[in-house]
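The values are calculated or read from the model by the stated rules, or taken from the named source; none is laboratory data. Being a predicted model, the structure only gives us computed values, none of them experimental. With ideal geometry, Cβ positions are generated from the backbone for all residues, glycine too; neighbour counts draw on all protein chains shown. Quick note on the areas: whole protein, heavy atoms, side chains included, nothing else; ligands and nucleic acids left out. Shrake-Rupley method; radii C 1.70, N 1.55, O 1.52, S 1.80 Å.
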Amino acid sequence: MSDIAIEQARRITYRRVGYVSASILLIIAAIALGVTVGETSMPLHLVGQTLANKMLGASYALDPIDAGIIWNYRLTRAIVAAFCGASLSISGVVLQAMLRNALADPYILGISAGASTGAVTVLILGLGGGLLSLSLGAFAGSLVSFVLVVMLARAAGGGVGIQATGLIILSGIAGSQLFNALTSFIITRSANAEQVRGVMFWLMGNLSGVRWDDVMLAVPIATIGICVCIWHRRELDAFTFGADSAASLGVPVRKVQAIVIGAAAMMTAVMVSIVGSIGFVGIVIPHAARFLVGPRHAQLLPVAALMGGVFLVLADIGSRILVPNQVLPIGVITALVGAPGFALILIRGRRTR
Amino acid sequence: MILEAQDLGWQVRAVRIVESVSFQVRKGETLGLIGPNGSGKSTLLKLLAGILSPSSGEVHINGNPMGRMNRREIGQTLAFVEQQSDTSERLTVRDAVELGRTAWLSALQPWSEKDDCIVAQSLVRVDMAGMEKRSWHTLSGGERQRVHIARALAQQPEILLLDEPTNHLDIQHQISILRLVKALAVTSVIALHDLNQAMACDRVGVMSKGRLLTIGSPSEVLTLDLIRDVFGVSARFLTDTDGSSFIRFQPIQ
Ligand SMILES: Nc1ncnc2c1ncn2[C@@H]1O[C@H](COP(=O)(O)OP(=O)(O)O)[C@@H](O)[C@H]1O
Ligand SMILES: [Mg+2]
């Protein structure tokens, strides 16, 4: 390599390191904000001292209630919100690429609803109430609903492709309505309704119950899912002109579809089993990210993950402070912000087509 | 034999779209595929590209049955430009051509200077060098076609399959693209509508109702009888001032 090339490569590396550290700082700042803001606000130095006590073995004298709120409630909540936002956003990017449909996302396609039904079914049947079996149930439910929705769209004559934009979305609406109704039905019918959490939890999402064991599940699953998708960034790009074009570019289409859609379904399912189904993150955030960095997945995926994480942490803060003394379902906030964003996508989309 | 179709067939439900097609293409040769609309040219090319899997028969590349090669190997050997393909993504011309490098890059391999060179060269070859930054949705049909061809060239294939590549092109670029394909060292199979363009190929295959009627040199194959039987028009060969001949068509009276 010539000196100029080495110099250039070095500059690119520096820039990348810069971006990555800026991103990590941004997400940490968002989480810190999430921990400080709330019904009682926790000053930043208190947060720092709590973390130092818990993680570095420091021994600041702290009010155990404050420390408990920070460590067990606020921090877990903010971390799960960040990873959940990243997961949903990445799932949206992947589904949009695979279905070549700007409006695809786990919520609209009924994947989230299917996951809810799966999780609720596991709870009611008492197949072990643990977090893991809940997630497995949700995963099964999400796959069932996705397959049903795609089959319905195919049967309606569209299949997967540019012309099928409307059909797959309509099928998704039918699918989510069906699975949401099933979820409500199961919960309402069940004898031990109190242990299933409310209908609202599964339909609109709620971060109130999040604890450390949820963090321990959400963080690794999100990390694995995001890494799998980033690993396949070039294959995702190759789908730009459709599956046939991807195949002739050397992509094993079926295998890649199974892997990345499986990863998206897995992330969505686990997040749904922890916080319920949250809408609009998977569609609005990817579009915003695309607007910023363009359609290539090497940049799009990390940026969408970061923005999704920050967005959901902020949405969670909003859900806690918007109405005094009351916590809104987080899905209410994401819908309030997301629906206008969605409208904007529809309008912009029409202009470019 | 670099590319070989052995008794290829493809059917949807009970309808036979392509039936017992066999032929061989030699290294460096340019084979033109002609035939009326719906005669199965596109389907045959998709079979050759491995996008459709044959319901009977087999495609061989360099003597290897395609079924036993993996997709990446195929992508490094063979490039295919579909008759139509479009996107609603706002990617640039350069982005679109960079996709051609997919088969050559593994997940951990960074984009290299060499890839940059290949992409730049491919753009030059289709006369799109100054338009790298243009966004896909701002391009004309012919410009898009040239980008597709550049992407196929960026795959550095041994075999190039083109489905009616000259369709949206102006006359100048029709000529330059065909000349480019002939001048390249690659083996190519091109579906064409213009019989005069087919005359410039090394060999011509004629498709009709899913079958390969005949294959051979343009002068053997393109006879007045065949043109009348297959295309339903009467034709006349005229000789240009430089001695080359061209075809004129008239409806059958
Ligand atoms: N997937 C398919 N399902 C049903 N019919 C098809 C399919 N693909 C192609 N055909 C039919 O096969 C015939 C050949 O099509 P094609 O290969 O596109 O012809 P050409 O490219 O020569 O115009 C047409 O009649 C077309 O309608
Ligand atoms: Mg065709």
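Among B:SER112, B:SER176, B:SER55, the largest mean-square fluctuation in a Gaussian network model of chain B (Cα springs under 10 Å) belongs to B:SER112. Only helices enter this figure: runs of n ≥ 4 DSSP H residues, each worth -39500 (n - 2.57), summed and divided by the residues of chain B, yield -8500 deg cm²/dmol at 222 nm to the nearest 500. Comparing B:THR87, B:MET69, B:LEU44 along the charge dipole axis of region B:42-97, the residue lying farthest to the positive side is B:MET69, per the Cβ-charge model.
The charge dipole of the protein assembly as shown, taken about its Cα centre with unit charges on the Cβ atoms of Lys, Arg (+1), Asp and Glu (-1) only, comes to about 480 debye. Only protein heavy atoms count here; under a 1.4 Å probe, A:VAL37 has an accessible surface of about 40 Å². Taking chain A as a Gaussian network of alpha-carbon nodes connected by springs under 10 Å, the highest mean-square fluctuation of the residues A:ALA155, A:ALA265, A:ALA97 belongs to A:ALA155. Rounded to the nearest 5, what is the percent of antiparallel bridges among the DSSP beta bridges in region B:3-222? Of the beta bridges lying entirely in region B:3-222, close to 55 percent run antiparallel.
Given R0 = 45 Å, the distance between the Cβ atoms of A:ILE12 and B:HIS137 translates into a calculated FRET efficiency of 0.95.
Looking at the protein assembly as shown alone, DSSP beta bridges between its own residues are antiparallel in about 60 percent of cases.
Computed on protein heavy atoms with a 1.4 Å probe, the accessible areas place B:CYS117, A:CYS229 in the order B:CYS117, A:CYS229, largest first. Taking all protein chains as they are arranged and a probe of 1.4 Å, the heavy atoms of A:TYR19 leave approximately 150 Å² accessible to solvent.
Summed over the residues of the protein assembly as shown and divided among them, the accessible surface reaches 45 Å² per residue at a probe radius of 1.4 Å.
Among A:THR183, A:THR40, A:THR334, which one moves the most in a GNM of chain A with springs linking Cα atoms closer than 10 Å? Result for chain A, Cα springs under 10 Å: A:THR40 fluctuates most. Solvent-accessible surface of protein heavy atoms, probed at 1.4 angstrom with all chains present, puts A:TRP212, B:TRP136 in the order A:TRP212, B:TRP136, largest first.
Under the rule a/c < 1.5 gives rounded, and otherwise a/b versus b/c splits prolate from oblate, where does region B:1-73 land using the Cα gyration tensor? Note, shape of region B:1-73 comes out oblate.
Once all protein chains are placed together, B:VAL12 keeps about 60 Å² accessible to a 1.4 angstrom probe.
Entry note, chain A: the mean residue ellipticity at 222 nm calculated from DSSP H runs of n ≥ 4, each adding -39500 (n - 2.57), is -25000 deg cm²/dmol after division by the residues and rounding to the nearest 500. Shielding of peptide A:228-238 by partners, expressed as the average count of other chain Cβ atoms within 10 Å per residue Cβ, is 3. For the set A:TRP71, A:TRP231, A:TRP202, the ranking by accessible area, highest first and with no ligand, DNA or RNA atoms included, is A:TRP231, A:TRP71, A:TRP202 under a 1.4 Å probe. Candidate cross-link partners of B:LYS182 among the lysines, defined by an alpha-carbon separation under 19 Å and a same-chain spacing of 8 or more, comprise B:LYS27. Per-residue Karplus couplings for region A:202-219, computed as 6.51 cos²θ - 1.76 cosθ + 1.60 with θ equal to phi - 60°, are listed in order as 6, 8, 10, x, 6, 9, 4, x, 6, 10, 5, 5, 5, 4, 5, 8, 5, 5 Hz, Gly and Pro entered as x. Counting only aspartates and glutamates at least 8 places from B:LYS209 when in the same chain, those with an alpha carbon closer than 15 Å to its own are B:GLU19, B:ASP229. In this structure, the pairs whose alpha-carbon distance is over 32 Å, taken from B:LYS46/B:LYS114; A:LYS255/B:LYS114; B:LYS41/B:LYS114, are B:LYS41/B:LYS114. Ligands, DNA and RNA left out, the 1.4 Å accessible surface of chain A is 69% carbon and sulfur atoms.
Kindly provide log₁₀ I(q)/I(0) values, in the same order as q = 0.07, 0.10 Å⁻¹, from the Debye equation applied to equal alpha-carbon scatterers of region A:82-352. With one equal scatterer per Cα and no solvent, log10 I(q)/I(0) is -0.22, -0.46. For a straight C-alpha distance cut-off of 16 angstrom, no lysines are reachable from B:LYS133 once same-chain residues fewer than eight places away are disregarded.
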